[in-house]
1. May I ask you to compute the full-extension gain from Thr131 to Ile105, defined as 0.36 nm times their residue separation minus their alpha-carbon distance, rounded to one decimal in nm?
2. Which FRET efficiency value, to the nearest 0.05, is calculated for Ile38 and Asp222 with the Förster distance at 51 angstrom and r the Cβ-Cβ distance?
3. What number comes out for the charge environment of Val208, summing +1 per Lys or Arg and -1 per Asp or Glu over other residues with Cβ under 10 Å away?
4. For the chain, set up a GNM with springs between Cα atoms under 10 Å and report which of Ile299, Ile38, Ile175 has the largest fluctuation.
5. Specify the angular offset, from 0 to 90 degrees and rounded to the nearest 10, of the alpha carbon long axis of helix 237-249 from the longest principal axis of the alpha carbons in the chain.
6. Non-local amide H neighbours of Leu260 (under 5 Å, H modeled in plane, Pro and chain starts lacking H): which ones?
7. For the chain, set up a Gaussian network in which alpha carbons nearer than 10 Å are linked by springs, and say which option among Ser14, Ser36, Ser279 fluctuates the most.
8. Would you kindly give the portion of the calculated P(r) for the range 1-52 that falls above 13 Å, as a percent of all Cα pairs?
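Values in this text are rule-based calculations from the coordinates and carry no lab data. Since the model is a prediction, treat every value here as computed from it, not as a measurement. Note that we place each Cβ from the backbone using ideal geometry, even for glycine, and neighbour counts take in every protein chain shown.
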Amino acid sequence: MKILLTGGTGYIGSHAAVRLIELGYEVEILDNLNNSKIEVLDKIEKITGVRPTFHQVDLMDYKATQRVFSEGGFDLVIHFAGLKAVGESVEKPLLYYENNIGGTINLLKCMREFGVKKIIFSSSATVYGDTGETEFTEEMPTGVKIVNPYGKTKFMIEEILRDVATADGDLEVVILRYFNPIGAHESGLLGEDPNGIPNNLMPIVMRVSTGEIEELKIYGNDYDTVDGTGVRDYIHVMDLVDGHIAAIKKMQPGVAIYNLGTGRGTSVLEMVAAFEKVSGQKLPYKIVERREGDLGEVIANPDKAERELDWEAKRTVEDAMRDVLGYLKGN
Ligand code: WQD
């Protein structure tokens, strides 16, 4: 099976590339390198012995994307590519709508033109919005009070995929709603390494631990949670990747949607404690005011993926911390 990974030099995409190559899939990567580095290809090659064909292409460049598909002969697309900085999306909504939605439309048009019938889409727990719930199942409503354009683009792309699958009866779509991916590859060669200022907790913890950032700002400790700080469902990136592998094996015409999470919540203070325990290093932090748009608790109910994909997350937050430290040392 030949698979095109859009965003394949990014955090999740690069870990997926390694695993897919190890399992014998033929992998090509399309990425505009907006939020990743071309050196990731060297790391993939070092880990697997295979250097995937790479196309430095922006999905907004329809002609260039068409050329990739005309030469590709792909059986499946895993669509990771997209801008994902929540704060930036509030400041630059048009950039996010154009890039994430426009890019996806170009991708779907190329898939139709070249007869590619399978797509796995990297969606996000953000599509559940703010309904007052803390644990989410796939049947719950989406698109309700999503507070940032990034999350709205994920929701809108899900809707586009549903409509395109309805119109094109033999399109096979799997939507995977990621909760909070963390961790790194066990080799220490791959990890979360966003360009510029990170938004997510773990890349910031990493930069506090190296001294690049002075201290971790904990956004609020007055939530209705175990210790007042935000609780999230942190899933190891390699468990997340295994969820994609499981989905590939079960694809069929229509749209299937799965939460990829552990079903367990961890607070920010518990994440700090876990990092300190695994690293043996004190992590300086300060409690500050809440971040606009944050929810108190967001946890997956992963039962459907466990039941239908025969998949469940196996790694712990401490496993992820160990792998993150390995990546820090390895780079
Ligand atoms: C986690 C917790 C913060 C940074 C977003 C997107 C989601 C996905 C993951 C891309 C929260 C707290 C964080 C900091 C902090 N993105 N925090 N200080 O907001 O759950 O989800 O990123 O796929 O779609 O919505 O993740 O890592 O930003 O925050 O206290 O400097 O850490 O308040 O409780 P979030 P996050």
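1. Values: separation 26, 0.36 × 26 = 9.36 nm, distance 2.86 nm.
Here the segment from Thr131 to Ile105 would lengthen by 6.5 nm.
2. Values: r = 44 Å, r/R0 = 0.85.
The calculated FRET efficiency here is 0.70.
3. On the way: positive: Arg207, Lys217; negative: Glu212, Glu214, Glu215.
For residues surrounding Val208, the net value is -1.
4. Of the options given, Ile38 has the highest mean-square fluctuation.
5. Taking the Cα atoms of the chain, the angle to 237-249 is about 30 degrees.
6. Hits under the 5 Å cutoff: Arg177, Tyr178, Phe179.
7. With Cα springs under 10 Å in the chain, the top fluctuation among Ser14, Ser36, Ser279 is at Ser279.
8. Details: 631 of 1326 pairs.
That fraction is 48 percent.
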